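Contents: one structure, followed by commentary.
Values in this text are rule-based calculations from the coordinates and carry no lab data. It should be emphasised that the depicted structure is a prediction, and the values quoted were computed from it without experimental measurement. We place every Cβ from the backbone using ideal geometry, glycine too, and count neighbours over all the protein chains shown.
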């Protein structure tokens, strides 16, 4: 009898173990399936298909969900402007795992919400500073620095804004680097164009016989820039007047893969701009160039379909109202379609928004070196297949 009981007990244990193992395997299979769905949602999110990502994530939530899915659900809802539901999703993550890797980014979203939606700068600043204190090595910390820099910039505290941005730029792989560069460029350009002399600027006293043309030639600073900075009347210079003359030695680097134009001063970063690049890679060859000519009314445009010529200065000219000629068949120009800036296009060569082109037009001169590097991202990726 005892042997029979013992056998039954062992059998019961074995059945229990097998049942537990089977249940564990089923559970693990379900978790793997959920993670596969979350990965699909992540791919859609990265491709900016937020509706598609949201559809999958809501389904995952009804099937039991996961921490990663709930976090990604919050991010997707936030980008779609459904802030209340996004914050609730973030709260669920915080309650379930207050020390998870998602917390720094969740706090960043809460800080942005306080700043951008509630207009509560004090609360936003406290949250940004909390990120820097508690999560200094996170990507969220760099974005917190960027938003603090933007707040300082809006308050015209350019020194503090610059200090925060320079902290970001110390990390070459920072995800906030591009945002930081664009904002730093705005600060640099503001300081360059301010009539207040900086430590590297010259304070020049107008003498008898001086003219803007003479100052441009002798000091090697574009006359338009001198006039604009000092709010001068070119034909009415006053002897004894003191004006600011910035030290300007410009150069340009165009990155075809990133579709950006970086303006440098004596080799140091000055400002970055988005540009459109012709979609045919060979139309804008990489290489070393210089500005051969500045055309203040733009350049004639030949329609590639009809061959019709649109004259320079015509408001309908697709190349805009200014033209920096690099060689006979390549130039940096404006556009009447600003939505194409930042894309690969079939118009012209290197396309900028009119206001951006006006800005660099006043800074560069004939002979300014221009480097074009890289390949069009589309063609580069095709070549790697």
Quiz item: Taking every DSSP beta bridge that has both residues in segment 250-379, what percent is antiparallel when rounded to the nearest 5?
Solution: 75 percent
Exercise. Please give the calculated 222 nm ellipticity per residue for the chain, where each DSSP H segment of at least 4 residues contributes -39500 (n - 2.57) and the sum is spread over every residue; nearest 500 deg cm²/dmol?
Key: -15500 deg cm²/dmol
Quiz prompt | Cα Rg, Dmax (largest Cα-Cα span) when computed across segment 270-385, Å | solution = 13.9, 44
Exercise. Treat each spin label as a single point 7 Å out from the Cα along the C-beta direction, and report the residue 288 to residue 32 distance in nm.
Key: 5.7 nm
Exercise. May I ask you to order 359-367, 201-209, 153-161 by the average number of other C-beta atoms within 10 Å around their residues, highest value first?
Key: 359-367, 153-161, 201-209
Self-check item: Net length gained if the chain between residue 266 and residue 99 were fully extended (0.36 nm per residue, minus Cα distance)
Solution: 55.5 nm
Self-check item: Folded to 0 to 90 degrees: helix 67-79 orientation relative to the chain principal axis, Cα
Solution: 40 degrees
Quiz prompt | Gain on full stretching of the segment that runs from residue 87 to residue 130 - 0.36 nm per residue minus C-alpha separation | solution = 13.7 nm
Quiz item: When the chain is fully extended, how far beyond the present Cα-Cα distance does residue 155 get from residue 217, taking 0.36 nm per residue of separation?
Solution: 18.6 nm
Self-check item: Cβ-Cβ FRET estimate between residue 79 and residue 358, R0 fixed at 35 Å, reported to 0.05
Solution: 0.60
Self-check item: Estimated Rh, the chain: Kirkwood, alpha-carbon pairs, angstrom
Solution: 25.5 Å
